[in-house]
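Inspection log for the structure reproduced underneath, given as C-alpha coordinates.
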Amino acid sequence: MGEQDREILRLAVPAFFALVSEPLMLLADSAIVGHLGTPQLAALGVAGTILQTLVGICVFLAYGTTSAVARRIGAGDHKGALAQGIDGLWLALLLGVVLALLGLALAPQAIAAFDPSPEVADYAVTYLRISCFGIPSMLLLLAATGVLRGLQDTKTPMVVAITANLANIGLNVLLVYGIGLNIAGSALGTALAQTGAGIALVVVVVRGARRDGAKLRPDRPGILASAQMGVPLIVRTLTLRAAIILLTFVATALGTTSVAAHQVAFTLWSFLALALDAIAIAAQALTGRALGAGDVVGTRTITRRMMWWGLFSGLIGGLALWGLRGVYVPWFTSDPEVRRTLAAIIIVAALWQPVNGVVFVLDGVLIGAGDGKYLAAAGVVALVLYVPLALAVLWLGGGIVALWWAFGGYMLLRFLTLTLRERRDGWLVTGATR
(Lines give C-alpha, C1' and ligand atoms only; values in the text may rest on other atoms or scores of the structure.)
Protein backbone atom coordinates (compact mmCIF):
# COMPACT_ATOMS: atom_id res chain seq x y z
CA MET A 1 0.00 0.00 0.00
CA GLY A 2 1.43 3.36 -1.06
CA GLU A 3 1.41 6.71 0.69
CA GLN A 4 -1.65 7.86 -1.28
CA ASP A 5 -3.58 4.75 -0.26
CA ARG A 6 -2.73 5.32 3.40
CA GLU A 7 -3.87 8.94 3.19
CA ILE A 8 -7.12 7.95 1.49
CA LEU A 9 -7.77 5.36 4.19
CA ARG A 10 -6.84 7.79 6.97
CA LEU A 11 -9.69 10.04 5.86
CA ALA A 12 -12.08 7.48 4.34
CA VAL A 13 -12.29 4.93 7.17
CA PRO A 14 -13.46 7.40 9.84
CA ALA A 15 -15.62 9.14 7.21
CA PHE A 16 -17.30 5.81 6.50
CA PHE A 17 -18.63 5.55 10.05
CA ALA A 18 -19.75 9.18 10.03
CA LEU A 19 -21.39 8.97 6.61
CA VAL A 20 -23.39 5.86 7.34
CA SER A 21 -24.92 7.39 10.48
CA GLU A 22 -28.05 8.51 8.64
CA PRO A 23 -28.79 5.22 6.84
CA LEU A 24 -27.94 3.30 10.01
CA MET A 25 -30.54 5.37 11.81
CA LEU A 26 -33.00 4.64 9.02
CA LEU A 27 -32.13 0.94 9.11
CA ALA A 28 -32.77 0.89 12.84
CA ASP A 29 -36.02 2.78 12.31
CA SER A 30 -37.04 0.37 9.53
CA ALA A 31 -36.32 -2.70 11.68
CA ILE A 32 -38.18 -1.30 14.68
CA VAL A 33 -41.11 0.20 12.77
CA GLY A 34 -41.36 -2.75 10.36
CA HIS A 35 -42.51 -5.03 13.17
CA LEU A 36 -45.29 -2.61 14.08
CA GLY A 37 -46.95 -3.42 10.74
CA THR A 38 -46.76 -2.96 6.98
CA PRO A 39 -48.70 0.37 6.98
CA GLN A 40 -46.22 1.86 9.45
CA LEU A 41 -43.25 0.66 7.37
CA ALA A 42 -44.81 2.11 4.22
CA ALA A 43 -45.42 5.40 6.07
CA LEU A 44 -41.77 5.52 7.10
CA GLY A 45 -40.84 5.10 3.44
CA VAL A 46 -42.94 8.06 2.30
CA ALA A 47 -42.18 10.39 5.23
CA GLY A 48 -38.51 9.42 5.22
CA THR A 49 -38.21 10.34 1.54
CA ILE A 50 -39.64 13.81 2.19
CA LEU A 51 -37.46 14.39 5.24
CA GLN A 52 -34.32 13.24 3.42
CA THR A 53 -35.23 15.60 0.59
CA LEU A 54 -35.57 18.61 2.90
CA VAL A 55 -32.23 17.86 4.56
CA GLY A 56 -30.58 16.54 1.41
CA ILE A 57 -31.17 19.80 -0.46
CA CYS A 58 -28.80 21.37 2.06
CA VAL A 59 -26.02 18.80 1.73
CA PHE A 60 -23.94 21.59 0.20
CA LEU A 61 -23.49 22.77 3.80
CA ALA A 62 -21.19 19.79 4.27
CA TYR A 63 -19.78 19.28 0.77
CA GLY A 64 -19.30 22.89 -0.24
CA THR A 65 -17.82 23.75 3.15
CA THR A 66 -15.37 20.85 2.93
CA SER A 67 -14.12 22.10 -0.44
CA ALA A 68 -13.82 25.75 0.60
CA VAL A 69 -12.14 25.02 3.93
CA ALA A 70 -9.73 22.47 2.39
CA ARG A 71 -8.66 24.94 -0.31
CA ARG A 72 -7.77 27.54 2.32
CA ILE A 73 -5.91 24.91 4.35
CA GLY A 74 -3.92 23.97 1.24
CA ALA A 75 -3.10 27.65 0.72
CA GLY A 76 -1.96 28.01 4.36
CA ASP A 77 -4.87 30.21 5.59
CA HIS A 78 -6.04 28.34 8.70
CA LYS A 79 -7.83 31.28 10.33
CA GLY A 80 -9.67 32.09 7.11
CA ALA A 81 -10.71 28.45 6.78
CA LEU A 82 -12.36 28.46 10.21
CA ALA A 83 -14.00 31.85 9.58
CA GLN A 84 -15.59 30.43 6.45
CA GLY A 85 -16.73 27.43 8.45
CA ILE A 86 -18.46 29.64 11.03
CA ASP A 87 -20.34 31.40 8.22
CA GLY A 88 -21.53 27.97 7.11
CA LEU A 89 -22.85 27.21 10.61
CA TRP A 90 -24.92 30.41 10.69
CA LEU A 91 -26.32 29.64 7.26
CA ALA A 92 -27.21 26.12 8.41
CA LEU A 93 -29.11 27.45 11.43
CA LEU A 94 -31.11 29.94 9.34
CA LEU A 95 -32.03 27.37 6.70
CA GLY A 96 -32.88 24.80 9.37
CA VAL A 97 -35.44 27.03 11.06
CA VAL A 98 -37.08 27.92 7.74
CA LEU A 99 -37.30 24.30 6.54
CA ALA A 100 -38.62 23.09 9.90
CA LEU A 101 -41.46 25.64 9.81
CA LEU A 102 -42.31 24.73 6.21
CA GLY A 103 -42.31 21.03 7.03
CA LEU A 104 -44.62 21.46 10.00
CA ALA A 105 -47.09 23.58 8.01
CA LEU A 106 -47.13 21.53 4.80
CA ALA A 107 -46.70 17.95 6.07
CA PRO A 108 -50.26 16.77 5.15
CA GLN A 109 -50.01 18.19 1.63
CA ALA A 110 -46.55 16.73 1.09
CA ILE A 111 -47.68 13.26 2.17
CA ALA A 112 -50.86 13.50 0.09
CA ALA A 113 -48.77 14.13 -3.03
CA PHE A 114 -47.65 10.47 -2.88
CA ASP A 115 -51.32 9.34 -2.76
CA PRO A 116 -50.89 6.68 -0.05
CA SER A 117 -53.78 4.88 1.65
CA PRO A 118 -55.49 6.84 4.47
CA GLU A 119 -53.90 4.67 7.18
CA VAL A 120 -50.40 5.08 5.72
CA ALA A 121 -50.98 8.84 5.30
CA ASP A 122 -51.90 9.31 8.99
CA TYR A 123 -48.78 7.54 10.19
CA ALA A 124 -46.59 9.40 7.68
CA VAL A 125 -47.84 12.86 8.71
CA THR A 126 -47.17 12.03 12.36
CA TYR A 127 -43.62 10.87 11.63
CA LEU A 128 -42.80 13.84 9.40
CA ARG A 129 -44.10 16.54 11.76
CA ILE A 130 -42.18 15.23 14.77
CA SER A 131 -39.02 14.84 12.70
CA CYS A 132 -39.20 18.47 11.55
CA PHE A 133 -38.19 19.66 15.03
CA GLY A 134 -34.80 18.06 14.47
CA ILE A 135 -34.08 19.70 11.09
CA PRO A 136 -32.08 22.71 12.44
CA SER A 137 -29.78 20.35 14.32
CA MET A 138 -29.43 18.10 11.27
CA LEU A 139 -28.25 21.03 9.15
CA LEU A 140 -25.85 22.23 11.83
CA LEU A 141 -24.48 18.70 11.92
CA LEU A 142 -23.91 18.83 8.16
CA ALA A 143 -22.10 22.18 8.26
CA ALA A 144 -19.91 21.31 11.25
CA THR A 145 -18.98 17.99 9.67
CA GLY A 146 -17.97 19.83 6.48
CA VAL A 147 -15.70 22.17 8.42
CA LEU A 148 -13.90 19.32 10.16
CA ARG A 149 -13.49 17.35 6.93
CA GLY A 150 -11.95 20.40 5.30
CA LEU A 151 -9.52 20.54 8.22
CA GLN A 152 -8.60 16.92 7.34
CA ASP A 153 -10.32 15.66 10.52
CA THR A 154 -12.78 12.84 9.92
CA LYS A 155 -12.21 11.11 13.29
CA THR A 156 -14.24 13.55 15.38
CA PRO A 157 -17.40 13.20 13.23
CA MET A 158 -16.90 9.42 13.42
CA VAL A 159 -16.93 9.40 17.23
CA VAL A 160 -20.03 11.59 17.33
CA ALA A 161 -21.79 9.46 14.69
CA ILE A 162 -21.21 6.20 16.58
CA THR A 163 -22.49 7.76 19.80
CA ALA A 164 -25.58 9.14 18.04
CA ASN A 165 -26.41 5.78 16.48
CA LEU A 166 -26.22 3.95 19.79
CA ALA A 167 -28.43 6.63 21.34
CA ASN A 168 -30.87 6.37 18.42
CA ILE A 169 -31.35 2.63 18.85
CA GLY A 170 -31.85 2.92 22.59
CA LEU A 171 -34.28 5.81 22.29
CA ASN A 172 -36.29 4.16 19.52
CA VAL A 173 -36.74 0.90 21.42
CA LEU A 174 -37.66 2.79 24.59
CA LEU A 175 -40.12 5.19 22.97
CA VAL A 176 -41.73 2.79 20.47
CA TYR A 177 -42.05 -0.34 22.58
CA GLY A 178 -41.24 0.70 26.15
CA ILE A 179 -43.56 3.71 26.28
CA GLY A 180 -45.77 2.59 23.38
CA LEU A 181 -45.60 5.72 21.20
CA ASN A 182 -45.78 3.66 17.98
CA ILE A 183 -44.24 5.37 14.91
CA ALA A 184 -44.18 8.74 16.74
CA GLY A 185 -41.62 7.27 19.15
CA SER A 186 -39.32 6.38 16.27
CA ALA A 187 -39.44 9.93 14.89
CA LEU A 188 -38.84 11.47 18.32
CA GLY A 189 -35.96 9.15 19.18
CA THR A 190 -34.13 9.83 15.92
CA ALA A 191 -34.64 13.60 16.20
CA LEU A 192 -33.23 13.63 19.74
CA ALA A 193 -30.17 11.59 18.73
CA GLN A 194 -29.43 13.84 15.75
CA THR A 195 -29.86 16.98 17.87
CA GLY A 196 -27.28 15.75 20.36
CA ALA A 197 -24.84 14.97 17.53
CA GLY A 198 -25.29 18.42 15.96
CA ILE A 199 -24.64 20.25 19.22
CA ALA A 200 -21.51 18.18 19.91
CA LEU A 201 -19.86 19.00 16.56
CA VAL A 202 -20.79 22.69 16.68
CA VAL A 203 -19.02 22.93 20.05
CA VAL A 204 -15.85 21.41 18.52
CA VAL A 205 -15.84 23.88 15.60
CA VAL A 206 -16.51 26.90 17.83
CA ARG A 207 -13.64 25.94 20.14
CA GLY A 208 -11.29 25.67 17.16
CA ALA A 209 -12.40 29.07 15.86
CA ARG A 210 -11.78 30.71 19.23
CA ARG A 211 -8.35 29.11 19.48
CA ASP A 212 -7.32 30.52 16.07
CA GLY A 213 -8.95 33.91 16.61
CA ALA A 214 -11.64 33.48 13.91
CA LYS A 215 -14.82 35.53 14.27
CA LEU A 216 -17.94 33.91 15.74
CA ARG A 217 -20.53 36.63 15.07
CA PRO A 218 -22.83 36.37 12.04
CA ASP A 219 -21.14 37.95 9.03
CA ARG A 220 -23.71 38.85 6.40
CA PRO A 221 -21.32 38.97 3.40
CA GLY A 222 -19.76 35.68 4.47
CA ILE A 223 -23.14 33.98 4.93
CA LEU A 224 -24.34 35.27 1.55
CA ALA A 225 -21.12 34.07 -0.08
CA SER A 226 -21.59 30.61 1.43
CA ALA A 227 -25.16 30.55 0.15
CA GLN A 228 -24.14 31.68 -3.33
CA MET A 229 -21.39 29.07 -3.46
CA GLY A 230 -23.95 26.40 -2.63
CA VAL A 231 -26.47 27.24 -5.38
CA PRO A 232 -25.00 24.91 -8.05
CA LEU A 233 -24.74 22.11 -5.49
CA ILE A 234 -28.36 22.70 -4.53
CA VAL A 235 -29.35 22.23 -8.19
CA ARG A 236 -27.22 19.07 -8.37
CA THR A 237 -28.83 17.77 -5.17
CA LEU A 238 -32.35 18.68 -6.32
CA THR A 239 -31.91 16.60 -9.47
CA LEU A 240 -30.78 13.63 -7.38
CA ARG A 241 -33.62 14.05 -4.91
CA ALA A 242 -36.11 14.46 -7.76
CA ALA A 243 -34.94 11.12 -9.16
CA ILE A 244 -35.39 9.49 -5.75
CA ILE A 245 -38.81 11.09 -5.21
CA LEU A 246 -39.93 9.82 -8.61
CA LEU A 247 -38.66 6.38 -7.65
CA THR A 248 -40.71 6.44 -4.43
CA PHE A 249 -43.76 7.92 -6.20
CA VAL A 250 -43.87 5.11 -8.77
CA ALA A 251 -43.19 2.50 -6.06
CA THR A 252 -46.11 3.89 -4.02
CA ALA A 253 -48.39 3.72 -7.05
CA LEU A 254 -47.51 0.03 -7.40
CA GLY A 255 -49.11 -0.77 -4.03
CA THR A 256 -48.42 -1.00 -0.29
CA THR A 257 -46.35 -4.19 -0.59
CA SER A 258 -44.15 -2.64 -3.28
CA VAL A 259 -43.52 0.59 -1.39
CA ALA A 260 -42.81 -1.30 1.85
CA ALA A 261 -40.22 -3.50 0.11
CA HIS A 262 -38.85 -0.47 -1.70
CA GLN A 263 -38.37 1.41 1.59
CA VAL A 264 -36.10 -1.29 3.00
CA ALA A 265 -34.27 -1.82 -0.31
CA PHE A 266 -33.62 1.87 -0.74
CA THR A 267 -32.40 2.20 2.84
CA LEU A 268 -29.91 -0.62 2.15
CA TRP A 269 -28.93 1.06 -1.14
CA SER A 270 -28.39 4.36 0.70
CA PHE A 271 -26.24 2.61 3.28
CA LEU A 272 -23.94 1.19 0.59
CA ALA A 273 -23.97 4.44 -1.41
CA LEU A 274 -22.81 6.46 1.56
CA ALA A 275 -20.29 3.78 2.45
CA LEU A 276 -18.86 4.23 -1.05
CA ASP A 277 -19.10 7.97 -0.55
CA ALA A 278 -16.56 7.66 2.28
CA ILE A 279 -13.91 7.57 -0.44
CA ALA A 280 -15.61 10.60 -1.99
CA ILE A 281 -15.24 12.47 1.31
CA ALA A 282 -11.52 11.76 1.20
CA ALA A 283 -11.63 12.97 -2.41
CA GLN A 284 -13.27 16.25 -1.42
CA ALA A 285 -10.72 16.98 1.30
CA LEU A 286 -7.65 15.87 -0.67
CA THR A 287 -8.74 17.48 -3.96
CA GLY A 288 -9.52 20.80 -2.30
CA ARG A 289 -6.23 20.79 -0.41
CA ALA A 290 -4.16 19.85 -3.47
CA LEU A 291 -5.77 22.46 -5.72
CA GLY A 292 -5.46 25.07 -2.99
CA ALA A 293 -1.73 24.32 -2.94
CA GLY A 294 -1.56 24.48 -6.76
CA ASP A 295 -0.72 20.77 -7.24
CA VAL A 296 -2.49 19.75 -10.46
CA VAL A 297 -0.39 16.62 -11.07
CA GLY A 298 -1.04 15.36 -7.55
CA THR A 299 -4.76 16.00 -7.98
CA ARG A 300 -4.85 13.91 -11.17
CA THR A 301 -2.89 11.07 -9.60
CA ILE A 302 -4.98 10.75 -6.48
CA THR A 303 -8.22 11.05 -8.47
CA ARG A 304 -7.36 8.01 -10.58
CA ARG A 305 -6.35 6.09 -7.47
CA MET A 306 -9.65 6.86 -5.76
CA MET A 307 -11.60 5.76 -8.84
CA TRP A 308 -10.05 2.30 -8.52
CA TRP A 309 -10.90 2.28 -4.83
CA GLY A 310 -14.51 3.16 -5.68
CA LEU A 311 -14.81 0.40 -8.30
CA PHE A 312 -13.36 -2.26 -6.00
CA SER A 313 -15.45 -1.14 -3.01
CA GLY A 314 -18.62 -1.19 -5.12
CA LEU A 315 -17.87 -4.72 -6.25
CA ILE A 316 -17.36 -5.94 -2.68
CA GLY A 317 -20.51 -4.16 -1.50
CA GLY A 318 -22.60 -5.64 -4.32
CA LEU A 319 -21.41 -9.16 -3.57
CA ALA A 320 -22.23 -8.73 0.13
CA LEU A 321 -25.68 -7.27 -0.63
CA TRP A 322 -26.47 -10.19 -2.93
CA GLY A 323 -24.92 -13.03 -0.95
CA LEU A 324 -26.30 -12.13 2.47
CA ARG A 325 -29.88 -11.28 1.47
CA GLY A 326 -31.22 -14.49 2.99
CA VAL A 327 -29.79 -13.46 6.35
CA TYR A 328 -30.88 -9.83 6.70
CA VAL A 329 -34.20 -9.64 4.79
CA PRO A 330 -36.17 -11.28 7.68
CA TRP A 331 -34.89 -8.58 10.05
CA PHE A 332 -37.03 -5.90 8.46
CA THR A 333 -40.47 -7.46 8.05
CA SER A 334 -42.49 -10.56 8.89
CA ASP A 335 -44.74 -10.19 5.80
CA PRO A 336 -43.88 -13.08 3.37
CA GLU A 337 -44.86 -11.10 0.25
CA VAL A 338 -42.76 -8.10 1.26
CA ARG A 339 -39.82 -10.45 1.90
CA ARG A 340 -40.08 -12.02 -1.57
CA THR A 341 -40.35 -8.64 -3.26
CA LEU A 342 -37.45 -7.20 -1.28
CA ALA A 343 -35.17 -10.13 -2.14
CA ALA A 344 -35.87 -9.61 -5.87
CA ILE A 345 -35.11 -5.88 -5.69
CA ILE A 346 -31.84 -6.50 -3.85
CA ILE A 347 -30.47 -8.63 -6.71
CA VAL A 348 -30.87 -5.70 -9.11
CA ALA A 349 -29.44 -3.19 -6.64
CA ALA A 350 -26.38 -5.37 -6.08
CA LEU A 351 -25.52 -5.51 -9.78
CA TRP A 352 -25.22 -1.71 -10.00
CA GLN A 353 -22.88 -1.24 -7.02
CA PRO A 354 -19.56 -1.10 -8.99
CA VAL A 355 -21.02 1.69 -11.15
CA ASN A 356 -22.20 3.45 -8.00
CA GLY A 357 -18.69 3.27 -6.55
CA VAL A 358 -17.14 5.24 -9.41
CA VAL A 359 -20.06 7.70 -9.53
CA PHE A 360 -19.79 8.66 -5.89
CA VAL A 361 -16.01 9.02 -6.00
CA LEU A 362 -16.08 11.32 -9.04
CA ASP A 363 -18.93 13.29 -7.51
CA GLY A 364 -16.67 13.90 -4.51
CA VAL A 365 -13.68 14.83 -6.65
CA LEU A 366 -15.61 17.46 -8.60
CA ILE A 367 -17.23 18.82 -5.45
CA GLY A 368 -13.79 19.11 -3.88
CA ALA A 369 -12.63 21.00 -6.96
CA GLY A 370 -15.58 23.40 -6.67
CA ASP A 371 -16.93 22.29 -10.06
CA GLY A 372 -20.53 22.76 -8.98
CA LYS A 373 -21.79 24.28 -12.23
CA TYR A 374 -20.87 21.20 -14.24
CA LEU A 375 -22.37 18.90 -11.61
CA ALA A 376 -25.61 20.89 -11.76
CA ALA A 377 -25.78 20.69 -15.57
CA ALA A 378 -24.90 16.99 -15.60
CA GLY A 379 -27.56 16.31 -12.98
CA VAL A 380 -30.23 17.99 -15.09
CA VAL A 381 -29.27 15.93 -18.16
CA ALA A 382 -29.35 12.64 -16.23
CA LEU A 383 -32.71 13.47 -14.64
CA VAL A 384 -34.35 14.46 -17.94
CA LEU A 385 -33.32 11.14 -19.51
CA TYR A 386 -34.33 9.13 -16.42
CA VAL A 387 -37.89 10.47 -16.04
CA PRO A 388 -39.34 8.61 -19.08
CA LEU A 389 -37.61 5.40 -17.96
CA ALA A 390 -39.29 5.49 -14.56
CA LEU A 391 -42.70 6.56 -15.85
CA ALA A 392 -42.61 3.86 -18.53
CA VAL A 393 -42.64 1.27 -15.74
CA LEU A 394 -45.94 2.70 -14.52
CA TRP A 395 -47.45 3.26 -17.97
CA LEU A 396 -46.51 -0.21 -19.25
CA GLY A 397 -47.61 -2.06 -16.11
CA GLY A 398 -44.13 -3.07 -14.97
CA GLY A 399 -43.37 -4.09 -11.40
CA ILE A 400 -41.10 -2.81 -8.67
CA VAL A 401 -38.12 -4.82 -9.98
CA ALA A 402 -38.43 -3.15 -13.39
CA LEU A 403 -38.51 0.21 -11.61
CA TRP A 404 -35.18 -0.58 -9.96
CA TRP A 405 -33.67 -1.47 -13.33
CA ALA A 406 -34.76 1.99 -14.50
CA PHE A 407 -33.08 3.55 -11.46
CA GLY A 408 -29.90 1.67 -12.37
CA GLY A 409 -30.09 3.33 -15.76
CA TYR A 410 -30.11 6.70 -14.01
CA MET A 411 -26.87 5.80 -12.19
CA LEU A 412 -25.33 4.76 -15.52
CA LEU A 413 -26.18 8.18 -16.98
CA ARG A 414 -24.45 9.85 -14.04
CA PHE A 415 -21.42 7.60 -14.58
CA LEU A 416 -21.11 8.68 -18.21
CA THR A 417 -21.37 12.42 -17.51
CA LEU A 418 -18.87 12.35 -14.64
CA THR A 419 -16.21 10.24 -16.37
CA LEU A 420 -16.44 12.55 -19.38
CA ARG A 421 -15.66 15.55 -17.17
CA GLU A 422 -12.82 13.82 -15.32
CA ARG A 423 -10.94 13.16 -18.56
CA ARG A 424 -10.78 16.89 -19.34
CA ASP A 425 -8.97 19.77 -17.59
CA GLY A 426 -11.72 22.35 -17.03
CA TRP A 427 -12.24 21.40 -13.38
CA LEU A 428 -8.56 21.72 -12.37
CA VAL A 429 -8.63 25.30 -11.03
CA THR A 430 -5.97 26.13 -8.42
CA GLY A 431 -5.80 28.68 -5.58
CA ALA A 432 -7.32 29.40 -2.14
CA THR A 433 -10.67 30.22 -3.78
CA ARG A 434 -12.16 29.08 -7.05
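Brief remarks on what is shown
- When the helices of the chain are scored as -39500 (n - 2.57) per DSSP H run of n ≥ 4 and the total is divided over every residue, the value at 222 nm lands at -29500 deg cm²/dmol.
- With every protein chain in place, the range 1-99: carbon and sulfur % of accessible area (1.4 Å): 67 percent
- Distance between the range 52-96 and the range 216-295 - C-alpha centres, whole angstrom: 14 Å
- Whole-Å semi-axes of the range 1-52's equivalent ellipsoid (Cα gyration tensor): 35, 11, 6
- Cα convex hull volume per residue for the range 237-320 (Å³): 96 Å³
- The alpha-carbon of residue 215 sits under 18 angstrom from the alpha-carbons of these lysines, leaving out residues fewer than 8 places away in its chain: 79.
- Seen against the Cα atoms of the chain and their longest principal axis, helix 60-74 is set at about 20 degrees.
- Only lysines eight or more places from residue 373 in sequence, or on another chain, were considered; none has a Cα closer than 22 Å.
- Spin-label model distance (nm) - residue 312 vs residue 340, 7 Å beyond Cα toward Cβ: 4.1 nm
- Debye, to nearest 20: dipole size of the chain, +1 on Lys, Arg Cβ, -1 on Asp, Glu Cβ: 1080 debye
- In degrees, nearest ten, helix 183-212 long axis to first principal axis of the chain (Cα): 0 degrees
- Shape of the range 296-396, Cα gyration tensor, a/c cut at 1.5: oblate
- Signed unit charges on C-beta, dipole axis of the chain, positive-most listed residue 399, 78, 353: 78
- Å² per residue, accessible surface of the chain at 1.4 Å: 39 Å²
- Ordering 192, 413, 27 by the projection of their Cα atoms onto the charge dipole of the chain, which places +1 on the Cβ of Lys and Arg and -1 on the Cβ of Asp and Glu, puts 413 at the extreme positive end.
- Relative contact order [Cα under 8 Å, 6+ residues apart], the range 229-433, whole percent: 35 percent
- Packing-based order for 347-356, 165-174, using average beta carbon neighbours within 10 Å, highest first: 347-356, 165-174
- Per-residue ³J(HN,Hα) for the range 43-49, Karplus 6.51 cos²θ - 1.76 cosθ + 1.60, θ = phi - 60°, Hz, x for Gly and Pro: 5, 4, x, 6, 5, x, 5
The values are calculated or read from the model by the stated rules, or taken from the named source; none is laboratory data. Since the model is a prediction, treat every value here as computed from it, not as a measurement. Here the Cβ is made from the backbone with ideal geometry for all residues, glycine too, and neighbour counts use every protein chain on show. Quick note on the areas: whole protein, heavy atoms, side chains included, nothing else; ligands and nucleic acids left out. Shrake-Rupley method; radii C 1.70, N 1.55, O 1.52, S 1.80 Å.
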